[in-house]
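Here's the structure, in structure tokens; my notes come after.
The values are calculated or read from the model by the stated rules, or taken from the named source; none is laboratory data. Every value quoted in this text rests on a predicted model; they were computed, and no experiment measured them. When we count neighbours, we look across all protein chains shown, and the Cβ atoms used for this are built from the backbone with ideal geometry, even at glycine.
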Amino acid sequence: MKIGIICYPTYGGSGVVATELGKALAKNGHQIHFISYRQPARLDTFSDNIFYHEVSVAEYPLFEYPPYESALTSTIVDVIEYEGLDLIHAHYAIPHAASAFMAKQIVEKQSNKKLPIITTLHGTDITLVGKNKMYAPVVEFSINESDGISSVSESLKKDTLDYFNIKKEIKVIPNFVDLERFQHNENKALKLSIAPNNESILIHVSNFRKVKRVQDVIKMFKEVRKNISSKLLLVGDGPERSNMEQLCRELDTCNDIKFMGKQEAIENLLSISDIFVLPSETESFGLSALEAMACKVPVISSNTGGIPEINIDGETGFTSDVGDYKSLAENTLKLLNNKKLQQTFSEQAYEQALRFDLKKIMPLYEAFYRDIINKTSI
């Protein structure tokens, strides 16, 4: 199949999933055309089956805000016409699904070709941005006009059906992890450089938005550090980073916290960590937690959204109510003070990650693609 993938190029979950899925599909013989305003962050390998099409937005004095949606639509039309696509897969509803629908209408009008569109819902496009009354009508329309709809968790499917009047079936295809990349890899030198006195290592990975509640990570770490010698790795970057740096100064924890910024080889840092912390206010799936679990790291998380579908409370880690950083700290100490329990949770976390192996999830997408293409061609 020739598949056009529309995605954001950033480090967020939707862009990561879209890119990793496209790379895997290309390895499996499909021709993949990425369409975005910048090359996706994880599009870091060469393949004869992978192509990247940049969306260029012309700036004119008339426009206070350049019309990205129009430029995206035109780029999609161009790729459809000149690359002979069989399918468009839009990741994240805003504005990708709407632009894909418009492109579909243009192509059908010009060449009488019916091109199927699949929209994958990832989270904040539904639970946060999508609910905004300025965008909700467009989101609802775009989803209903898609030929196929998928969501990354049962929780997100339920939220979508609760928030919008959706008239079509939503198929749940969970996110996945590449177990060839994300696996436990002991690196004693790296661990020694971060924890020279054999301190426990906690890690959090995110894009530092408010919804990630990084402040809870820092607050819980202060509680943990009172009881056990430990270090905290904060990986990523975003709008809340400067506030978090200020918070660690106020709490006098900076000496044991390392702001790592964006890291490409995140699996190396995960492998030396004892606990992964994910206290998000909302999370449709929790891909970063799954990647940690693949590296045999237990997860301490909130119990919101799709996280409990990944992090099984009392088996792969512990969950707490959103904002309850003291509970997060207590649960962390349960593991750090009981090495046997920590080891058990590490193994169970890995077993859970195996259920979301890329090699198991990708065929679900391939079957979904074929089903939608067949239905559209009737």
At least 3 residues that are at pLDDT 95 or above and buried (at least 23 other Cβ atoms within 10 Å of the Cβ) in each: list the helices (runs of 4 or more DSSP H) lying fully within the range 125-218 that qualify. none
Among residues of the range 310-322, those that are crowded, with 16+ Cβ neighbours inside 10 Å and part of a strand (DSSP E or B), counted: 4
Any idea which of Glu291, Glu264, Glu250, Glu283 is in contact (Cβ under 8 Å) with a residue 40 or more places away in the chain, out of contact with any strand residue (DSSP E or B) (no Cβ under 8 Å at 6 or more places or on another chain) and either surrounded by 22 or more Cβ atoms within 10 Å (Cβ to Cβ) or not polar (S, T, N, Q) (or both)? Glu264
Please enumerate the residues belonging to the range 223-239 that are farther than 28 Å from Val16 by Cα and without any contact (Cβ under 8 Å) to a residue 40 or more places away in the chain. Arg225, Lys226, Ser229
In the range 223-247, the residues that are within 16 Å of Ile201 (Cβ to Cβ) and in contact with a Leu (Cβ under 9 Å, 6 or more places away or on another chain): Val224, Arg225, Asn227, Ile228, Ser230, Lys231, Leu232, Leu233, Val235
How many of the residues in the range 292-307 are modelled with pLDDT under 95 and closer than 14 Å to Asp178 by Cα? 0
Answer yes or no as to whether Ala103 is within 21 Å of the chain's Cα centre (by Cα), in contact (Cβ under 8 Å) with a residue 12 or more places away in the chain and under 16 Å from Ile3 (Cβ atoms). no
Within the range 9-30, residues modelled with pLDDT of 90 or more, of a type in the set (Gly, Ala, Ser), out of contact with any helix residue (DSSP H, G or I) (no Cβ under 6 Å at 6 or more places or on another chain) and not in a loop (DSSP other than H, G, I, E, B) come out as Ala18, Gly22, Ala26
Quick test of your reading of the structure: His33 fulfils all but one of (1) part of a strand (DSSP E or B); (2) surrounded by fewer than 21 Cβ atoms within 10 Å (Cβ to Cβ). Name the failing condition by number. (2)
Number of positions in the range 237-288 that are under 25 Å from Ala353 (Cβ atoms) and among the acidic types (Asp, Glu): 5
Go through Tyr60, Tyr68, Tyr92 for me and flag whichever is modelled with pLDDT under 90 and surrounded by 15 or more Cβ atoms within 10 Å (Cβ to Cβ). Tyr92
Is it the case that some residue within the range 288-303 is closer than 30 Å to Asn28 by Cα and over 20 Å from the mean Cα position of the chain (by Cα)? no
Picked from the range 36-57 (must be under 26 Å from Glu291 (Cα atoms), in a loop (DSSP other than H, G, I, E, B) and among the small types (Gly, Ala, Ser)), the residue modelled with the lowest pLDDT is Ala41
Return a yes/no flag: does the range 323-340 have any residue that is surrounded by 23 or more Cβ atoms within 10 Å (Cβ to Cβ), at pLDDT 95 or above, on the phi < 0 side of the Ramachandran plot and in a loop (DSSP other than H, G, I, E, B). no
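One line per residue, one yes/no per condition, for (1) within 29 Å of Tyr135 (Cα to Cα); (2) in contact with an Asp or Glu (Cβ under 9 Å, 6 or more places away or on another chain):
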residue: Phe182; (1), (2): no, yes
residue: Ala195; (1), (2): no, no
residue: Asn198; (1), (2): no, no
residue: His204; (1), (2): no, no
residue: Arg213; (1), (2): yes, yes
residue: Arg225; (1), (2): no, yes
residue: Phe259; (1), (2): no, yes
Taking the options Asn197, Asn187, name whichever one is over 23 Å from Glu267 (Cβ atoms) and out of contact with any strand residue (DSSP E or B) (no Cβ under 7 Å at 6 or more places or on another chain). Asn197
